[in-house]
Amino acid sequence: MNAHNVREMLPPRGGDSVYEVMQRNTDALLAHREKSGDAMLIHLNHPNFGYAIRAEDLMRVRGENFFEVYNGHPGVSNAGDVTHAGCERIWDIMLAHRLTELRLPVMYGLAVDDGHSYHDIPSRNSNPGRGWVMVLASELSSRSLIESLETGRFYSSSGVSLKSVRSSREGLEIEVAPIPGAQYTIEFIGTQRGFPTTSEPIRGGDGKEIWTTRRYSDKIGQVLHTVKGTRGEYRFGPEDLYVRAVITSDRLHPNPSSPGEFERAWAQPAVGPAALAPE
């Protein structure tokens, strides 16, 4: 986990489970923030690195409202595989449960580069510049940036720029800042009230359960509306829990985390009328 804008070293907290480790480290950051009075936040890095983090564990952490939906390191398995959910699938599972029975706030999705290798670019090393966030803030200060992040006034990107994002109780509106010659697809993705809450474990060829996010209904994280172009809008219906948007360019990423990636942007979830208020 990464803590941002801390005033002193926070020793890592252990625990008896993945969930307990995340909750104890989150609690430590929140206590440090309360004591200092400074703006701080914590986020969960690359959940699919080693497939170490399950949606079922991260979704329950209180006070931790950020995770990496895209990480530029070539070894973090953003897209998952046949037995492991990708990071976007994990995001939708968490959102659906946090906004219903868990009654927790939205989980926001960050894009980062995880840059370690600053020479020999492009390469299959962990180069900088593969992912970032664009924040709407009143000034360039830690407090202003963190306050904007915590209220969802940002989008994440691996190459697509957005001219505007309008999130409200009515829905979500997107306008792309296009690159000449590029074509864009805007997908509005969400989950509606009454989705099946049952799930089943993922099993290997030997029939044994694999430590990974469980398999959930396709009613979680449905594509609710698709637009080909640079402007798109989704208006909430009464059953909508949330909607988020993924904007994909037809331009290949010039130095991708995984070969064949297209440039993308991720707009943060707008909460719909069917969501339960956080406790």
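The values are calculated or read from the model by the stated rules, or taken from the named source; none is laboratory data. Since the structure is predicted, the reported quantities are computational estimates derived from the model, not experimental observations. We place every Cβ from the backbone using ideal geometry, glycine too, and count neighbours over all the protein chains shown.
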Residue check for L241: hydrophobic (A, V, I, L, M, F, W, C) and either farther than 30 Å from T83 by Cα or surrounded by 14 or more Cβ atoms within 10 Å (Cβ to Cβ) (or both) | yes
Within region 143-184, which residues are buried (at least 16 other Cβ atoms within 10 Å of the Cβ) and of a type in the set (V, I, T)?
-> I146, V160, V165, I174, V176
State whether the residues of region 246-254 include one that is surrounded by 16 or more Cβ atoms within 10 Å (Cβ to Cβ), part of a strand (DSSP E or B) and among the aliphatic types (A, V, I, L, M).
-> yes
Quick one: which residue in D38, D27 is without any contact (Cβ under 8 Å) to a residue 60 or more places away in the chain and more than 14 Å from the chain's Cα centre (by Cα)?
-> D27
Which ones in region 7-31 are closer than 20 Å to I146 by Cβ and at pLDDT 95 or above?
-> M22, N25, T26, D27, A28, L29, L30, A31
When you look at H119, is it over 13 Å from the mean Cα position of the chain (by Cα) and within 25 Å of L41 (Cα to Cα), yes or no?
-> no
When every residue in region 201-240 that is assigned to a strand (DSSP E or B) and among the aromatic types (F, W, Y) is compared, the one farthest from L162 (Cα to Cα) is Y216
Members of region 92-113 that are out of contact with any Ser or Thr (no Cβ under 7 Å at 6 or more places or on another chain) and β-branched (V, I, T) = T100, V106, V112
Looking at (1) more than 16 Å from I93 (Cα to Cα); (2) in a strand (DSSP E or B); (3) of a type in the set (S, T, N, Q), which is the only condition T191 fails?
-> (1)
Could you check, for region 196-208, whether at least one of its residues is hydroxyl-bearing (S, T, Y), surrounded by 17 or more Cβ atoms within 10 Å (Cβ to Cβ) and either in contact (Cβ under 8 Å) with a residue 12 or more places away in the chain or farther than 21 Å from N48 by Cα (or both)?
-> no
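Does G86 satisfy the condition of being on the phi < 0 side of the Ramachandran plot and surrounded by fewer than 19 Cβ atoms within 10 Å (Cβ to Cβ)?
Taking the combined requirement at face value, the residue satisfies it.
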With the checklist (1) under 26 Å from N65 (Cβ atoms); (2) basic (K, R); (3) part of a loop (DSSP other than H, G, I, E, B) in hand, flag the one item R124 doesn't pass.
-> (1)
The listed residue being part of a loop (DSSP other than H, G, I, E, B), of a type in the set (A, V, I, L, M, F, W, C) and either under 17 Å from L149 (Cα atoms) or modelled with pLDDT of 95 or more (or both), out of I42, I53 | I53
Determine whether N71 is crowded, with 23+ Cβ neighbours inside 10 Å and touching a His at 6+ places or on another chain (Cβ under 9 Å).
-> yes
